[in-house]
1. Restricting the search to segment 171-202, which residues are part of a loop (DSSP other than H, G, I, E, B), open to solvent by less than 10 Å² (accessible area, probe 1.4 Å) and either away from the ligand (no atom under 16 Å from the Cβ) or farther than 25 Å from Phe78 by Cα (or both)?
2. Of everything in segment 221-234, what is near the ligand (Cβ under 8 Å from one of its atoms) and either within 16 Å of Asp171 (Cα to Cα) or without any contact (Cβ under 8 Å) to a residue 40 or more places away in the chain (or both)? Give them in sequence order.
3. For Gly271, which of the numbered conditions (1) at pLDDT 90 or above; (2) over 30 Å from Lys352 (Cβ atoms) fails to hold?
4. Does segment 40-59 include one or more residues that are over 21 Å from Glu194 (Cα atoms), among the charged types (D, E, K, R) and either in a helix (DSSP H, G or I) or open to solvent by less than 20 Å² (accessible area, probe 1.4 Å) (or both)?
5. Of the residues Ile221, Ile225, Ile196, only one is more than 14 Å from the chain's Cα centre (by Cα), among the β-branched types (Val, Ile, Thr) and at pLDDT 95 or above; which?
6. Taking the residues in segment 208-217 that are in contact with a strand residue (DSSP E or B) (Cβ under 6 Å, 6 or more places away or on another chain) and open to solvent by 10 Å² or more (accessible area, probe 1.4 Å) as candidates, determine which candidate is nearest to the ligand (Cβ to nearest atom).
7. What number goes with the only condition from (1) within 19 Å of Ile31 (Cα to Cα); (2) crowded, with 18+ Cβ neighbours inside 10 Å; (3) within 14 Å of the ligand (Cβ to nearest atom) that Asp205 does not pass?
8. Tell me yes or no: at least one residue of segment 100-113 is under 23 Å from Asn200 (Cα atoms), open to solvent by 10 Å² or more (accessible area, probe 1.4 Å), within 13 Å of the ligand (Cβ to nearest atom) and touching a His at 6+ places or on another chain (Cβ under 8 Å).
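The values are calculated or read from the model by the stated rules, or taken from the named source; none is laboratory data. Keep in mind the model is a prediction, meaning the values are calculated, not measured. Here the Cβ is made from the backbone with ideal geometry for all residues, glycine too, and neighbour counts use every protein chain on show. Note: accessible area is taken over every heavy atom of the protein model, side chains too, but ligands, DNA and RNA are not part of it. Shrake-Rupley method; radii C 1.70, N 1.55, O 1.52, S 1.80 Å.
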Amino acid sequence: MRRPTPRLEIDLAKIRHNTQTLRRLYAAKGIHIMGVTKAVCGAPEVAHAMIQGGLTVLADSRIENIQRMRAAGIAARFVLLRTLPSRAEETVLHADISLNSELATLERLAEAAQRLNRRHDVILMVELGDLREGILPENLFSVVRHTLEWKGIRIAGLGANLACFGGIRPDAGKMETLSRLARNVEEVFDLRLEIISGGNSANYDWFSQTGLPGRINNLRIGESILLGCETLQRRPIPGLYTDAFRLVAEVIELKTKPSVPQGVVCQDSYGNVPKFEDRGPMRRALLGIGRQDVIPEGLSPEQQGLDILGASGDHLILDAKTVPLRVGDEIGFRPNYGALVAAMTSPYVTKKFINA
Ligand SMILES: *Cc1c(COP(=O)(O)O)cnc(C)c1O
């Protein structure tokens, strides 16, 4: 049987294993994890592997992905990581919980919930310095006060997100701040917050070094489950598979050519003016995969001795040096997070699930 390329091979047994290992690791200090499915576009196969790994809560930034998982029969509590005010009603319909940082959106959610005769849970995101989403700590009490006045929504907890936009490390100080805010809210408003969600895959170092995690009882974990690493330095986490995903492309041309293009250099297909170093004649392999399928800079060839020279929209060019290759051969790559997201999102990349 012909195997189409480009092809992303997804080992579900490895994802199951990573999920279970991380679930146990974090549970040892009282932390539940949500499995984050956005990088795989809510692929039900991957969601199912996370459920088999013992998770009961899945989180995604897109309503479409949550709908896709629900439609496939994935039984979980679903969390929407990014709430669009224009889609408050769908948020209430499809997500059990949503993360929020704006009163205007919370109000729309409350209205939608009342209209639909439902109760919707919200986690209020607090800004701890990474400068993506979050209510400024000095405004938190006022947001809580308003939110408590609205029927239809319930404050399920507080959350914070670090190491995403600003690259800020989630350390003991940041986590203590979140714990303290949670305790203060509970005290001042005489309520119990169910979920204190301290962050994402970047919280691994903090978690490993901390004795007691304070009020933090939840993390939202995507990349560690999928790629087996923490995300501050991208170091592998002991006991996890880092090779659950493999991207495969095929050699469509193999020739020895000069290392410097001949003629007058102008813009390339993406508007950059390329520079080349003369290294003499070079054995070049042209692969049938490009920027429309993946982020080439995020690929590492599996085979030793292959270097990526560059890519255009649908071709990738390798320096094949002395690696024995033939036209039609398949070449495997390990994708980083960005390359994985792009490959999952490209309709041109076939997804092949193995070890279901
Ligand atoms: C993407 C995302 C996560 C998961 O991050 P990973 O680094 O993949 O663990 C967690 N929380 C929020 C709000 C996110 O957007």
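1. Here is the first cut: in segment 171-202, the residues part of a loop (DSSP other than H, G, I, E, B) are 171, 190-194, 198-200.
Then drop every residue that is not open to solvent by less than 10 Å² (accessible area, probe 1.4 Å), which leaves 193, 198-199.
Within segment 171-202, just Leu193 meets the criteria.
2. Thr231, the sole residue that qualifies.
3. (1)
4. Checked against the condition, which is being over 21 Å from Glu194 (Cα atoms), among the charged types (D, E, K, R) and either in a helix (DSSP H, G or I) or open to solvent by less than 20 Å² (accessible area, probe 1.4 Å) (or both), segment 40-59 yields at least one hit.
5. Values: Ile221 fails: more than 14 Å from the chain's Cα centre (by Cα); Ile225 fails: more than 14 Å from the chain's Cα centre (by Cα).
Answer to the check: Ile196.
6. Taking segment 208-217 first, the residues in contact with a strand residue (DSSP E or B) (Cβ under 6 Å, 6 or more places away or on another chain) are 215-217.
The next check asks that each one be open to solvent by 10 Å² or more (accessible area, probe 1.4 Å); those that pass are 215, 217.
Working: Arg215: 18, Asn217: 15 Å.
Going through the qualifying residues, I end up with Asn217.
7. (2)
8. Within segment 100-113, not a single residue is under 23 Å from Asn200 (Cα atoms), open to solvent by 10 Å² or more (accessible area, probe 1.4 Å), within 13 Å of the ligand (Cβ to nearest atom) and touching a His at 6+ places or on another chain (Cβ under 8 Å).
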